[in-house]
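Data block below; observations after.
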Amino acid sequence: MNQRKRVLFVGEAVTLAHVARPMVLARALDPARYEVDFAWHPRFASLFPASGFAMHTIESIPGHRFEAALAAGKPLYDAATLRRYVAEDLRLIALARPDVVVGDFRLSLAVSAAVAKVPYLNLTNVYWSPYARQRFPVPELPVTKLLGVGLGQLAFSLARPMAFALHARALNTVRREHGLTSLGHDLRRTYTWGDHTLYADIPELFATRDLPPNHHFLGGILWSPAVANPDWWDTLPADRPIVYVTLGSSGRSDLLPVVLQALAGLPLTVIAATAGRVSLTNVPANARVADYLPGEAAAARARLVICNGGSPTTQQALAAGVPVLGIPNNLDQYLNMQAVASAGAGKLLRAGQASAPAVNGAASVLLNGDRYAQSAARLAGHFRRYDAAARFREVLDAVT
């Protein structure tokens, strides 16, 4: 009988997505063939039932520190933090003795896996790839507030190459300290480098050029939290369209009351998830609220999904053939949502411009415009062609 292969998954818990995606793939592995170890900071543990495989606690910087760095346009990690991460990774690798390591936004694995001589599979998004044909819209940075979007975009475009180099410097410093070559001055390479790079996306949404053979599209990785449905779930009015609203673990949670206010006067029912990040008062009569909702089921019931524009919720919506109103704040969300809007399956409303009238207007257009629903339905067909878990297993089998 062949010995089971050992796979170590590492999720960087700065946002929920970076834990949920590797968890979905870990659970998709046959325990008769693979022995799984999973490392995370358990700040989201209440959303995940018992896994049945070994769990390890590691450091992840707090979400508020991560969000503050994004908002200020500052590097997310300094060299000291990455040194601690690398030391912790190496101890974990020595303990688990994996045949392969799979990481989601654990940048330190570009050092530790190489030092330990273990193949590293980097789970990421293609819009961060240096091989993606990409425009870089200015996110909600201090320069945007100071100069406005037009001049802010000009300043951002001029400064972006230098900013990307600054953001890449800490990881390159730590790599050199371990005798490894620099990954260069492009942040996109530090975000996506691996022995194999796995994109949790579909190529029909994102154009690439000269993609290397060790870069693979898995398709959307859909996940919903293991929570009970709220009491109102089965009693929603049947004669009104449903709008699903969630700004996730990394969106502008302060905008949730604005969105609910914007939809209050429309003949529809709102189902909203706070992600436990905001306490709502004066909830409109047409809204139902919970901390967490089963996102895939909520999207499937909806006529429109309103979210932060990031890939997890937009993929849930598009896989169900539902258009999206994205309200992005950080660059990751902008890069994903501009592709959705370019495909005609939604509209992008800048977080810095998301007043109640603006949300009302955009939502009304999407609810009454058949072409958005048609584009979303077309993309749903593409999403159905990709079995992310099966594609992941194919890469894993080739590597191990």
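The values are calculated or read from the model by the stated rules, or taken from the named source; none is laboratory data. Remember, predicted model here, so these are calculated numbers, not experimental data. Methodologically, a virtual Cβ is constructed for each residue, glycine included, from the backbone with ideal geometry; neighbour enumeration extends over all protein chains shown.
Could you check, for region 20-30, whether at least one of its residues is at pLDDT below 95 and farther than 12 Å from Arg106 by Cβ?
So the first thing to find is which residues in region 20-30 are at pLDDT below 95, and the list is none.
Scanning region 20-30, I find no residue that is at pLDDT below 95 and farther than 12 Å from Arg106 by Cβ, so the answer is no.
Pick out the one residue from Glu59, Glu35 that is acidic (Asp, Glu) and out of contact with any helix residue (DSSP H, G or I) (no Cβ under 7 Å at 6 or more places or on another chain).
Numbers: Glu59 fails: out of contact with any helix residue (DSSP H, G or I) (no Cβ under 7 Å at 6 or more places or on another chain).
When all the criteria are applied, what remains is Glu35.
Can you tell me which condition Gly251 does not meet? The list is (1) in contact with a Cys (Cβ under 9 Å, 6 or more places away or on another chain); (2) modelled with pLDDT of 95 or more, and all the others hold.
Just one mismatch for Gly251, condition (2).
Assess whether Val7 counts as being in a strand (DSSP E or B) and crowded, with 24+ Cβ neighbours inside 10 Å. Even if it seems obvious, please write down each step before you answer.
Numbers: in a strand (DSSP E or B): yes; crowded, with 24+ Cβ neighbours inside 10 Å: yes.
So Val7 passes the test.
So Ser279 fits all but one of (1) at pLDDT 95 or above; (2) not in a strand (DSSP E or B); what number is the exception?
Result: Ser279 fails condition (1) only.
Show me the helices (runs of 4 or more DSSP H) entirely contained within region 312-400 in which 1 or more residues are on the phi > 0 side of the Ramachandran plot.
Values: elements: 331-342, 356-368, 370-384, 388-399.
In region 312-400, there are no helices (runs of 4 or more DSSP H) which contain 1 or more residues that are on the phi > 0 side of the Ramachandran plot.
Filter region 220-229 down to residues that are touching a strand residue (DSSP E or B) at 6+ places or on another chain (Cβ under 9 Å) and at pLDDT 95 or above, then give me how many there are.
Within region 220-229, residues that are touching a strand residue (DSSP E or B) at 6+ places or on another chain (Cβ under 9 Å) and at pLDDT 95 or above number 1.
Restricting to region 202-234, name every residue that is of a type in the set (Ser, Thr, Tyr) and not assigned by TED's automatic domain parsing to the domain that holds Arg21.
Going residue by residue through region 202-234, those that are of a type in the set (Ser, Thr, Tyr) are 208, 224.
The one that is of a type in the set (Ser, Thr, Tyr) and not assigned by TED's automatic domain parsing to the domain that holds Arg21: Ser224.
Can you pull out every residue in region 278-311 that is touching a residue at least 24 places away in the same chain (Cβ under 8 Å) and among the small types (Gly, Ala, Ser)?
Ala287, Ala290, Gly295, Ala297, Ala298, Ala299, Ala302, Gly309, Gly310, Ser311
Evaluate region 236-254: report whether one residue or more is over 27 Å from Leu25 (Cα atoms), of a type in the set (A, V, I, L, M), buried (at least 19 other Cβ atoms within 10 Å of the Cβ) and under 23 Å from the mean Cα position of the chain (by Cα).
yes
Looking at (1) under 17 Å from Phe105 (Cβ atoms); (2) in contact with an Asp or Glu (Cβ under 9 Å, 6 or more places away or on another chain); (3) aliphatic (A, V, I, L, M), find the lone condition where Leu187 falls short.
The one condition Leu187 does not meet is (2).
Is it the case that region 357-376 has a residue that's among the β-branched types (Val, Ile, Thr), modelled with pLDDT of 95 or more and surrounded by 24 or more Cβ atoms within 10 Å (Cβ to Cβ)? Reasoning before the result, please.
Residues of region 357-376 among the β-branched types (Val, Ile, Thr): 359, 365.
Now restrict to residues that are modelled with pLDDT of 95 or more: 359, 365.
From what is left, the residues that are surrounded by 24 or more Cβ atoms within 10 Å (Cβ to Cβ) are none.
No: region 357-376 contains no residue that is among the β-branched types (Val, Ile, Thr), modelled with pLDDT of 95 or more and surrounded by 24 or more Cβ atoms within 10 Å (Cβ to Cβ).
If I filter region 139-193 down to residues being among the charged types (D, E, K, R) and assigned to a helix (DSSP H, G or I), which single residue comes out as farthest from Gly103 (Cα to Cα)? Give the derivation first.
Of region 139-193, the ones among the charged types (D, E, K, R) are 140, 145, 160, 169, 175-177, 186, 188-189.
If we keep only those that are assigned to a helix (DSSP H, G or I) too, we end up with 145, 160, 169, 175-177, 188-189.
On the way: Lys145: 35, Arg160: 26, Arg169: 20, Arg175: 17, Arg176: 21, Glu177: 21, Arg188: 16, Arg189: 15 Å.
Among residues in region 139-193 that are among the charged types (D, E, K, R) and assigned to a helix (DSSP H, G or I), the one farthest from Gly103 (Cα to Cα) is Lys145.
Here is a yes/no grid of residues against (1) closer than 17 Å to Glu394 by Cα; (2) in contact with a Ser or Thr (Cβ under 8 Å, 6 or more places away or on another chain):
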position	(1), (2)
Ala13	no, yes
His18	no, no
Pro22	yes, no
Leu25	yes, no
Asp30	yes, no
Arg33	yes, no
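Confirm whether Val111 is under 25 Å from the mean Cα position of the chain (by Cα), farther than 18 Å from Ser182 by Cα and of a type in the set (A, V, I, L, M). Quick ask: steps written out before the conclusion?
Details: under 25 Å from the mean Cα position of the chain (by Cα): yes; farther than 18 Å from Ser182 by Cα: no; of a type in the set (A, V, I, L, M): yes.
Spelling it out, it is not the case that Val111 is under 25 Å from the mean Cα position of the chain (by Cα), farther than 18 Å from Ser182 by Cα and of a type in the set (A, V, I, L, M).
Going through Ala71, Ala79 one at a time, which residue ends up being small (Gly, Ala, Ser) and either under 21 Å from Arg189 (Cβ atoms) or surrounded by 17 or more Cβ atoms within 10 Å (Cβ to Cβ) (or both)? Explain how you work it out, then say what you get.
Values: Ala71 fails: either under 21 Å from Arg189 (Cβ atoms) or surrounded by 17 or more Cβ atoms within 10 Å (Cβ to Cβ) (or both).
Exactly one of Ala71, Ala79 is small (Gly, Ala, Ser) and either under 21 Å from Arg189 (Cβ atoms) or surrounded by 17 or more Cβ atoms within 10 Å (Cβ to Cβ) (or both), namely Ala79.
Looking for something over 18 Å from the mean Cα position of the chain (by Cα) and crowded, with 20+ Cβ neighbours inside 10 Å - is there at least one such residue anywhere in region 195-207?
Yes: region 195-207 contains one or more residues that are over 18 Å from the mean Cα position of the chain (by Cα) and crowded, with 20+ Cβ neighbours inside 10 Å.
Restricted to region 44-61, and to residues that are modelled with pLDDT of 95 or more and under 19 Å from the mean Cα position of the chain (by Cα), which residue is surrounded by the fewest Cβ atoms within 10 Å (Cβ to Cβ)?
Ile61
Do we find a residue being part of a strand (DSSP E or B) and either farther than 21 Å from Leu348 by Cα or assigned by TED's automatic domain parsing to the domain that holds Pro357 (or both) anywhere in region 245-261? Outline the logic, then answer.
Our first condition is that a residue be part of a strand (DSSP E or B); within region 245-261, this holds for 245-246.
Adding the requirement that they be either farther than 21 Å from Leu348 by Cα or assigned by TED's automatic domain parsing to the domain that holds Pro357 (or both) leaves 245-246.
The answer is yes; a qualifying residue exists.
Starting from region 186-204, take each residue that is over 22 Å from Ser342 (Cβ atoms) and list its partners that are part of a helix (DSSP H, G or I), counting only C-beta distances under 6 angstrom and pairs at least six apart or across chains.
Filtered contacts from region 186-204: Asp186/Phe164; Leu187/Phe164; Leu187/His167; Leu187/Ala168; Thr190/Ala168; Thr190/Leu171; Trp193/Ala110; His196/Val395.
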